[in-house]
């Protein structure tokens, strides 16, 4: 975010009117709390405290309650980043100004809610939906979250802008700093080990080793190319054809790992010449540490239609 936009957001937040007061005054929402959005999230890989934290966060966000939304972020916030738009809000006051500016225009029909939650209150991944009223087009995103003392200190969103109408004419920028070096790794040792082995194999173009980390009936998904591969055998075959073409394949790198033994994910650095600066892969693990589901998200809007079609065609068995 450039200085002009940052100053605009800060000035927009100063003296803002009182936020809507509602029943979501607490920082958690248990299983019995009524929510202003569909309670459909898969929480099988989430700790109870993380689940309750994010239920309450998205409730406050859906209600456009600026003050309550900001209560989930640490005063020592490092950044809230939109990796697709290249927007960076480095600090609590700047993020509050951003929410103040946009939430003021959200109608009562707007909703933001989780569909998958993975990890714990050290680090986590959340898959979420923003309905079209929030930012001018429906967004299905993946957030990477780091916590300190029960509050978010870093949040990075990844989503696919292909097909997004951008009715608000929001401008993409080049993200200069991902801020991962400001934090220590909080992910569990098990998911860090799995991630390190997987990213090393993908970067080396080693389809066999990468596929060996998956369970027998695992699912691999590439969201922007609309690909879903089922079974370790077919995943290996797909990787054999695709790793030299995928932005998270040959020549890619590991940026940051998140989550617990049950699941989480990792942010990755795009392969050289892929045109993708970074993305995220969501991982669910079984009790033996094998990957049962991997979902990869990046901005398909950076690829041409023909390139995405060619990537999708790689999923077809010869």
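The values are calculated or read from the model by the stated rules, or taken from the named source; none is laboratory data. Not measured: the values here are computed from a predicted model. Glycine also receives a Cβ, built like all others from the backbone with ideal geometry; neighbour counts cover every protein chain displayed.
Here residue 265 qualifies as assigned to a strand (DSSP E or B), at positive phi and crowded, with 24+ Cβ neighbours inside 10 Å. Residues that are at pLDDT 95 or above, crowded, with 16+ Cβ neighbours inside 10 Å, under 20 Å from residue 83 (Cα atoms) and in contact with a strand residue (DSSP E or B) (Cβ under 7 Å, 6 or more places away or on another chain): does the range 188-197 have at least one? Within the range 188-197, not a single residue is at pLDDT 95 or above, crowded, with 16+ Cβ neighbours inside 10 Å, under 20 Å from residue 83 (Cα atoms) and in contact with a strand residue (DSSP E or B) (Cβ under 7 Å, 6 or more places away or on another chain). Somewhere in the range 148-155, is a residue in contact with a strand residue (DSSP E or B) (Cβ under 8 Å, 6 or more places away or on another chain), surrounded by fewer than 21 Cβ atoms within 10 Å (Cβ to Cβ) and farther than 19 Å from residue 70 by Cα? Looking through the range 148-155, none of the residues is in contact with a strand residue (DSSP E or B) (Cβ under 8 Å, 6 or more places away or on another chain), surrounded by fewer than 21 Cβ atoms within 10 Å (Cβ to Cβ) and farther than 19 Å from residue 70 by Cα.
When residue 114 is tested against the conditions (1) touching a strand residue (DSSP E or B) at 6+ places or on another chain (Cβ under 9 Å); (2) assigned to a loop (DSSP other than H, G, I, E, B), the lone failure is (2).
Report whether or not residue 296 is touching a strand residue (DSSP E or B) at 6+ places or on another chain (Cβ under 6 Å) and farther than 24 Å from residue 178 by Cβ. In short, no. Of all the numbered requirements in (1) closer than 24 Å to residue 287 by Cβ; (2) out of contact with any helix residue (DSSP H, G or I) (no Cβ under 9 Å at 6 or more places or on another chain); (3) assigned to a strand (DSSP E or B), residue 129 misses one, and that requirement is (1). Filter the range 88-111 for residues that are part of a helix (DSSP H, G or I) and over 30 Å from residue 192 (Cα atoms) and give the result. Across the range 88-111, the qualifying residues are 93, 94, 96, 97, 98, 99, 100, 101, 102, 103. Since residue 203 meets every condition but one in (1) part of a strand (DSSP E or B); (2) surrounded by 20 or more Cβ atoms within 10 Å (Cβ to Cβ), which condition does it not meet? Status for residue 203: all satisfied but (1). Exactly one residue out of 218, 211 is touching a residue at least 24 places away in the same chain (Cβ under 8 Å), within 30 Å of residue 58 (Cα to Cα) and not in a loop (DSSP other than H, G, I, E, B), and it is 218.
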